[in-house]
Amino acid sequence: MTGLDAKADLHRYLREAREALLGKLDGLSEYDVRRPLVPTGTNLLGLVKHVALVAAGYFGEVFDRPFPEPVAGLEADAEPNVDMWAAADESREDIIGLWHRVWAHADATIETLPFDASGSVWWWGHKPVTLHLILVHVLAELNRHAGHADIVRELVDGQVGRRRPGDNMVEGDEAWWASYRERLEATARKFACRRHPRADVVQFVREGTVIGR
């Protein structure tokens, strides 16, 4: 495999992953794209905003090609997690528009620079890097957050799939999935345990039977 082929392959997977993440917003209300679904506040629109910031930094400043707009969160003194949620004055259209502009800028960086182009990441202590390394790093981070979005979307309305509902999923209706989940839960319960009031005794619960040890 030549360096040029490797760059093209990584860029293709990067495009596919960002389309998958953005697609998780499709068909949802303004409330649902902003809802914090876990204790740490993870939400769909915030994930899109965060990845836009990631791409703006890694494919911008790192290679001395700064993104030409201010992006909340890139400043050294930015408010914690400001890039992980959309404020009241930031619309879905604002965030998605930023997303498209950032990725257009990132694509230009990727297409313009050679695979071994050098850069420096100041938030890594000015560590020297190559475009190859940054492509791998951003692809890994993007897919991690796309996975977060998979779970958040399922919590919102039960829709699952890589890019669209049902995509890359086992075929099964609601009853099949309910039966499947119960099978997993029943199996997990076989391994449930709790500590007896006596500290030297552990009670194991297996199929509804308590066994002391």
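The values are calculated or read from the model by the stated rules, or taken from the named source; none is laboratory data. Quantities reported herein were computed from a predicted structural model and do not represent experimental measurements. Areas reflect the complete protein model, heavy atoms only, side chains present, ligands, DNA and RNA absent. Shrake-Rupley method; radii C 1.70, N 1.55, O 1.52, S 1.80 Å.
If the cut-off is 13 Å between C-alpha atoms, which aspartates and glutamates fall inside it for K7, apart from same-chain ones fewer than 8 positions away?
List returned: D107, E111, D116.
With the chain treated as a Gaussian network of Cα nodes joined by springs under 10 Å, which of F67, F59, F191 yields the largest mean-square fluctuation?
Comparing F67, F59, F191 in the GNM, the peak value goes to F191.
Over the chain, with a Gaussian network built from C-alpha contacts below 10 Å, which listed residue (A149, A86, A104) shows the highest mean-square fluctuation?
Top of the fluctuation ranking is A104.
Roughly how many percent of the accessible protein surface of the chain is carbon and sulfur, given a 1.4 Å probe and a whole-percent answer?
Numbers: 7050 of 12760 Å².
Result for the chain: 55 percent of the exposed heavy-atom area is carbon or sulfur.
Name the residues whose placed amide hydrogens come within less than 5 Å of the amide hydrogen of V71, ignoring near sequence neighbours (fewer than 5 apart) on the same chain.
Excluding prolines and chain starts, which carry no amide H, there are no hits.
Just to check I understand the Karplus step: with θ = phi - 60° and J = 6.51 cos²θ - 1.76 cosθ + 1.60, what whole-Hz values come out for the stretch 16-28, glycine and proline as x?
Karplus values, whole Hz, x for Gly and Pro: 5, 5, 6, 5, 5, 5, 4, x, 5, 7, 4, x, 9.
Rg to Rh ratio, the chain, alpha-carbon atoms and Kirkwood radius?
For the chain, the value is 1.11.
Taking amide H positions as placed in the peptide plane 1.01 Å from N, state which residues far from V121 in sequence (5 or more) or on other chains have amide H under 5 Å from it.
H126, K127, V129
May I ask you to evaluate 6.51 cos²θ - 1.76 cosθ + 1.60, the Karplus curve with θ = phi - 60°, for each residue of the stretch 147-159 and list the ³J(HN,Hα) values in order in whole Hz, giving x for glycine and proline?
Values per residue, Gly and Pro as x: x, 4, 5, 4, 5, 4, 4, 5, 5, 6, 9, x, 7 Hz.
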